[in-house]
Amino acid sequence: MEKFGKSQAMTRSEDLRLLTGHGRYVDDIAPSGALRAYVLRSPVAHAEITGLDVSAAREAPGVALVVTVEDLIGAGYDISMKGAVVPNRDGTKGAEPQRPILARGRLRHVGEPVAVVFAETFQQAQDAAELIELDYDELPAHMELCVGGETIHPEAPDNRAYDYGMGKEAETAAAFDAAAHVVRLEVGDNRIIVNAMEPRGCYAEWTDGRLHLAFNGQGVWGMKSDLSRVMGLPEEAIRVTNPDVGGGFGMKAAPYPEYYCLAHAAKVLGRPVRWMSDRTEAMLSDHAGRDLVTMAELAFDADHRILAYRVHTLSNLGVYNSQFGQPIQSHLFARVLTGTYDIPLAWMRVEGIYTNTTQVDAYRGAGRPEAIYVLERVMDRAARDLGVDPLELRKKNFIKKFPYMTVSGENYDVGDFPRVLDHAVADSDWAGFAARRAASEKAGKLRGRGLCYYIESILGNPYEDVKVEFTEEGGAIIYVGTQSNGQGHETVFAKFLSDQSGIPFDAIEVVQGDSDRIAEGGGTGGSRSVTVQATVTLKAVANMVEGFSDFLAGEMGVDRDEVTFDDERFRAEGSNMTPTMLEAAALARQKGREDLLTWACRDEIGARSYPNGAHVAEVEIDPETGVTEVVKYTVVDDFGNLINPMLAEGQVHGGVAQGIGQAVTERVVFDEDGQLLTATFMDYALPRAYDIPWIAFDTEPVPSTGNPMGMKGCGEAGTVGALAAVSNAVQDALWDKGVKQVDMPFTPQRVWGLLGHGRTAAE
């Protein structure tokens with residue numbers, strides 16, 4: 001990988017700033033004197049609003065403004081937030097209920113925003129909110145993941161958002177009828193709360209007829225477009241920025257009601273306003289993740305080769321449709337059929353159900369982690385039911401010839417799945433497991449081993465923008481269209497530009513998240529950032545080399561085709577001039593060639609990349625207490641070529657920790673009335689350091705052909721593999737105890753109950 005990046009491990013340059021308290025997070029940089037906002041939220045899951053009186057709050061000390069949905073309507077705003085509409089199997093449209101910015105007519109989940117109070121201090125805003133008279137007639141909540149029950153939206157009288165299907169239903173059914181073996185398993189995927197280190201927040205200011213909204217999101221252009229649509233402002237009158245962001249995880253990609261309300265307040269008051277969520281507020285209002293139940297079936301021939309795959313998923317949407325566009329959402333559902341196996345026929349059905357709970361993000365409704373989790377759970381069950389070695393069953397069914405078009409329309413370009421799996425088997429000391437299990441049994445513990453082979457589809461928005469600007473001080477600024485949420489973008493993008501252009505790393509400044517300084521961009525999500533941003537940066541460098549070569553040919557007194565660039569210096573035979581890129585820029589400035597000092601371009605990646613890999617987890621369970629520990633974890637990934645292996649490993653470690661958290665400790669619990677019972681860290685158990693073992697990590701690269709660097713994304717890979725690996729390990733530990741069905745999370749109470757009640761096979 002000499003030409004395209006140096007693949008050197010390098011510590012993150014931004015860490016010193018972030019770890020010493022010099023980060024610029026949104027709550028740190030809000031304008032001095034900004035009014036503070038407090039959001040009044042619904043105390044119940046479902047009710048008809050019979051009255052909303054905010055007059056006393058408006059007269060309270062320090063209060064400058066109280067905003068209700070009627071105020072937004074009176075201002076001429078479009079109060080409808082975006083919601084994807086998924087087509088039904090019969091060709092009709094799925095339900096399309098309105099999601100108002102603030103509650104209108106009905107309350108539909110605990111924590112739904114009703115009004116926003118703006119005052120000089122936060123305490124004044126909170127005190128004033130207590131004076132608001134919110135009257136309502138409570139309605140029964142619909143909390144079950146099934147159709148029927150109390151109607152939440154008139155547009156969906158049975159609470160079904162959509163009944164979506166894809167694949168070849170009849171042919172798949174015929175394959176199952178003719179199969180020698182059929183294996184089926186119902187797989188639960190528990191809801192989780194994202195819990196970014198930094199909760200959501202924003203500030204807004206109105207200056208010289210322009211709105212500036214700063215929020216801790218995953219890109220600025222979608223928010224800018226939505227503000228323009230909602231408020232009726234021309235886009236040139238809006239500036240949106242993302243400062244430092246302390247974790248996003250897809251949850252911060254969407255717009256939220258608070259952002260529009262603060263934008264409105266800043267415009268009305270002509271003063272800056274600010275809002276920051278607290279942790280319980282975040283748990284009540286942030287988009288949640290997962291929450292679905294899937295029945296998965298595999299049909300095998302007599303030689304244990306997969307003939308067909310059939311999936312039926314019930315997906316809990318919460319009370320509103322996801323805010324992502326229909327093509328994206330439908331494509332994500334197709335991930336349920338994506339895998340590393342040669343599956344000739346498949347059919348899937350996904351039913352989206354409305355419940356009186358917080359909205360579930362589309363990226364966590366039936367997307368990549370869920371798809372692999374389901375497929376690898378049923379593959380593990382197949383190995384047990386068919387009496388087949390789990391390694392051999394996978395190898396027999398791996399895709400072996402590339403390119404390969406999957407049944408869900410993914411065109412896998414390259415892969416060597418057996419090689420990656422063999423590497424993981426060796427690194428995990430697969431052969432030594434029997435001895436480790438015996439040692440655990442001697443200590444009174446149950447030990448299990450689980451395997452997951454995952455594959456992802458990486459791209460998201462295929463377009464990306466970049467601009468490189470040479471400064472008078474002798475350095476360069478790179479403006480990028482993606483947005484770091486803690487992944488190390490400042491280091492990666494500066495290092496990549498340095499490798500390609502020879503500009504010293506320390507002389508490069510990375511600018512991101514500012515719609516005034518960067519014309520367009522795709523934002524961050526779906527592990528796309530490094531692949532798409534590096535691709536367009538490579539194009540920008542090629543343009544720079546071409547432009548400077550033309551210029552330098554005249555300065556060197558040679559023909560254009562004699563000028564070359566070797567990633568460090570321009571050279572031409574017969575000339576003693578060997579300028580670096582920075583020296584060429586300085587000479588261009590001296591000669592008045594301003595056109596050579598700024599380089600902007602856009603590029604598109606025409607094909608996806610497909611990172612894949614093998615996870616092997618080992619757990620120990622104390623049968624007396626039900627406590628489950630992940631005691632050994634091994635990962636071997638195919639990420640293609642890497643720019644910075646250290647950051648890739650860090651991403652995997654974080655992803656595995658998130659997966660272990662969902663598998664072992666995290667669980668969202670609502671009562672029958674829709675009240676969230678896990679609304680603090682006293683009740684919701686994020687994984688701690690002692691829950692995470694040492695994670696052995698290695699790579700087995702097979703360079704992608706989908707981009708010139710041969711890279712594959714890695715941001716979500718750890719989580720995608722961890723869910724099934726840990727679950728399969730727990731199933732392995734409990735199998736001989738007569739427990740034939742396990743579902744996350746494997747809390748002590750749940751595991752102890754499974755053992756204590758002697759539960760057997762769940763059909």
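Determine the pairs where a residue that is on the phi > 0 side of the Ramachandran plot and open to solvent by 10 Å² or more (accessible area, probe 1.4 Å), located within segment 719-739, has a partner that is of a type in the set (S, T, Y) and at pLDDT below 95 with Cβ atoms under 8 Å apart, the partner being 6 or more residues away or on another chain.
From residues that are on the phi > 0 side of the Ramachandran plot and open to solvent by 10 Å² or more (accessible area, probe 1.4 Å), the pairs are G738/T760.
May I ask you to list pairs of residues, at least six apart or on different chains, whose Cβ atoms are under 7 Å apart, with the first in segment 565-586 being closer than 15 Å to A553 by Cβ and the second being of a type in the set (D, E) and open to solvent by 10 Å² or more (accessible area, probe 1.4 Å)?
So the pair list comes out as A572/E562; E573/E562; M577/E555.
Considering each of G450, G444 in turn, give the residue that is of a type outside the set (V, I, T) and open to solvent by 30 Å² or more (accessible area, probe 1.4 Å). Break it down stepwise before answering.
Working: G450 fails: open to solvent by 30 Å² or more (accessible area, probe 1.4 Å).
The match here is G444.
Tally time: how many residues in segment 434-449 are touching a residue at least 60 places away in the same chain (Cβ under 8 Å) and not in a strand (DSSP E or B)? Steps first, answer last, please.
Quick first cut of segment 434-449, residues touching a residue at least 60 places away in the same chain (Cβ under 8 Å) only: 436, 440, 444-449.
Checking the rest, the ones that are also not in a strand (DSSP E or B) come to 436, 440, 444-445.
So the answer is 4.
Mind checking which pairs have a first residue in segment 58-80 that is on the phi > 0 side of the Ramachandran plot and in contact (Cβ under 8 Å) with a residue 60 or more places away in the chain and a second that is assigned to a helix (DSSP H, G or I) and crowded, with 18+ Cβ neighbours inside 10 Å, Cβ under 9 Å, 6 or more apart or different chains?
Matching pairs, first to second residue: G62/Q124; G62/A125; G62/D127; G62/A128; G76/M231.
Give the number of residues within segment 251-272 that are open to solvent by less than 10 Å² (accessible area, probe 1.4 Å) and under 27 Å from G655 (Cα atoms). Quick ask: steps written out before the conclusion?
Of segment 251-272, the ones open to solvent by less than 10 Å² (accessible area, probe 1.4 Å) are 251-252, 254, 256-263, 265-266.
Keeping just the survivors that are under 27 Å from G655 (Cα atoms) gives 251-252, 254, 256.
Matching residues across segment 251-272 total 4.
Please list, ordered by first then second residue, the pairs with beta carbon atoms under 9 Å, 6 or more apart or interchain, first in segment 132-147 and touching a residue at least 24 places away in the same chain (Cβ under 8 Å) and closer than 9 Å to A47 by Cβ, second surrounded by fewer than 13 Cβ atoms within 10 Å (Cβ to Cβ) and small (G, A, S).
Qualifying pairs under 9 Å: Y136/G51.
May I ask you to list the residues in segment 557-600 that are exposed (fewer than 15 other Cβ atoms within 10 Å of the Cβ), among the polar types (S, T, N, Q), closer than 17 Å to F470 by Cα and under 42 Å from the mean Cα position of the chain (by Cα)?
Residue satisfying the conditions is T598 alone.
List pairs: first in segment 416-433 and touching a residue at least 12 places away in the same chain (Cβ under 8 Å) and in a helix (DSSP H, G or I), second of a type in the set (D, E) and open to solvent by 40 Å² or more (accessible area, probe 1.4 Å), Cβ under 8 Å, 6+ apart or cross-chain?
H423/D698; D427/D698
When both residues are 6+ apart or on different chains and their Cβ atoms are under 9 Å apart, which pairs have a first residue that lies in segment 395-412 and is under 15 Å from L375 (Cβ atoms), and a second that is assigned to a helix (DSSP H, G or I) and charged (D, E, K, R)?
Listed by first residue and then by second, the contacts come to S408/R335; E410/R335.
All but one of (1) modelled with pLDDT of 90 or more; (2) assigned to a loop (DSSP other than H, G, I, E, B) hold for Q500, so report the exception by its number.
(2) is the only condition that Q500 fails.
Kindly indicate the residue of segment 91-101 that is within 19 Å of I353 (Cβ to Cβ) and in contact (Cβ under 8 Å) with a residue 60 or more places away in the chain and also most open to solvent (accessible area, probe 1.4 Å) among those meeting that condition.
Within segment 91-101, the match that is most open to solvent (accessible area, probe 1.4 Å) is E96.
For every residue, the table says whether it meets (1) crowded, with 17+ Cβ neighbours inside 10 Å; (2) closer than 27 Å to S277 by Cα.
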{"site": "A115", "(1), (2)": "yes, yes"}
{"site": "D127", "(1), (2)": "yes, yes"}
{"site": "E138", "(1), (2)": "no, yes"}
{"site": "A141", "(1), (2)": "yes, yes"}
{"site": "A173", "(1), (2)": "no, no"}
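Kindly evaluate R104 against the criterion of being within 19 Å of V360 (Cβ to Cβ), of a type in the set (D, E, K, R), open to solvent by 20 Å² or more (accessible area, probe 1.4 Å) and modelled with pLDDT of 95 or more.
Judged against the criteria, R104 is not a match.
The values are calculated or read from the model by the stated rules, or taken from the named source; none is laboratory data. Keep in mind it's a predicted model, so treat the numbers as computed, not measured. Ideal geometry is used to build each Cβ from the backbone, glycine not excepted, and the neighbour counts take in all protein chains shown. Surface areas here come from the heavy atoms of the whole protein model, side chains and all, with no ligands, DNA or RNA. Shrake-Rupley method; radii C 1.70, N 1.55, O 1.52, S 1.80 Å.
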